[in-house]
Amino acid sequence: MENQTWIGDILLLEGLKVTPQSSIPVFIVLFSVYIFIMLSNIGLTVLISVERSLHQPMYLLSCNLNINDVFGATAILPRLISDIFTESAERYITYMGCVVQAFFFHLHIGTYLSVLMIMAFDRYVAICKPMQYSNIMTNKMVVKLSVFAWAVIIFMVGILIGLSVRLSRCRRMVSNPFCDNASLFKLSCESVLINNIYGLGYTVVILGSSIGSTILTYLKITIACLTSKNRALNSRALQTCSTHLTLYLIMILSGLSSIALHRFPELSEQRKWASIVTMLVPPALNAVIYGLQIKQIRQKIVTLFNKNKVTLSLVTNSK
């Protein structure tokens, strides 16, 4: 009985179909991207934290994305990378490990959408109500919005995963490179009607509210720019909104591509890669977009680099 229970708690990940010839290049790419995600997002968060001049709502809100990227990448990528050199028949994962992966995967996606929605509101207030911006978007308000964004998603994802955990299991194979909610409830032979209904509702609420609010926000920003003859306002709007909108479109397009490919079973391998791209591209580009395109952060990075260069030069000369 104990042996049967142990076996039932060990699942088998299908993983990626990587040939021996391509395993090393794939490993190098995935490992390099993971290291870049960690260093860039942690570095940007530390920079914003220690530089008082960057303690502005837009940058503080972007720290939520950085932290979310670190959690999401760490929950998925190390295991995915290690499986590249593991035989497909030996890619075991515990059931609780699979549950944790699924939780953080959906937490990552949901938090991304909710934080980007709040950032769109921040841009709206900054551009359409500039005189009231400092009174509305205070540090206290930023903290409240950030806590709200995380708490709502944690609660909703907790229910999503909890509905799958309650099911009994009759299968062991996870037909995915990593675990998600669909992977969990597909292990059961019971009715998953409740899971499908809640999952659909969850997707509609999160995705619908995010896309709807973002479209409405940018329509109002566009109207404000068109009705204003202030070129400085229009230039500032284009600069501050382009970073947010670029990041949002990348996240939405990569996510929708993965969802669309679920409808075509014959494209299962392409679906796997699309899901991996969703975990790789937005987190990798997040720090690049905010770190290199926003003038204030770019200047701080250049200043710190020059300081370190001068310090290194003085130490070398002293020797």
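How much accessible surface area, in Å² rounded to 10, belongs to the heavy atoms of D69 with a 1.4 Å probe?
Counting only protein heavy atoms, D69 exposes about 0 Å² to solvent.
Just to make sure I understand: if all protein chains stay in place, what is the order of I194, I37 by accessible area at 1.4 Å, largest first?
Per-residue accessible area, sorted high to low, gives I194, I37.
What accessible surface, in Å², does a 1.4 Å probe find on M117, ignoring ligands, DNA and RNA and rounding to the nearest 10?
Taking all protein chains as shown, M117 has close to 60 Å².
If you count only protein heavy atoms and use a 1.4 Å probe, how large is the accessible surface of I109, to the nearest 10 Å²?
Near enough 40 Å² of accessible area.
Suppose every Lys and Arg Cβ carries +1 and every Asp and Glu Cβ carries -1, with no other charges. What dipole size does region 114-228 come out with about its Cα centre, to the nearest 20 debye?
Computed about the Cα centre, the dipole is about 140 debye.
The values are calculated or read from the model by the stated rules, or taken from the named source; none is laboratory data. Here the structure is a predicted model, which means the values were calculated and not measured. Note that each Cβ is placed from the backbone with ideal geometry, even for glycine, and that neighbours are counted across all protein chains shown. Calculation scope for accessible area: heavy atoms of the full protein, side chains included, ligands and nucleic acids excluded. Shrake-Rupley method; radii C 1.70, N 1.55, O 1.52, S 1.80 Å.
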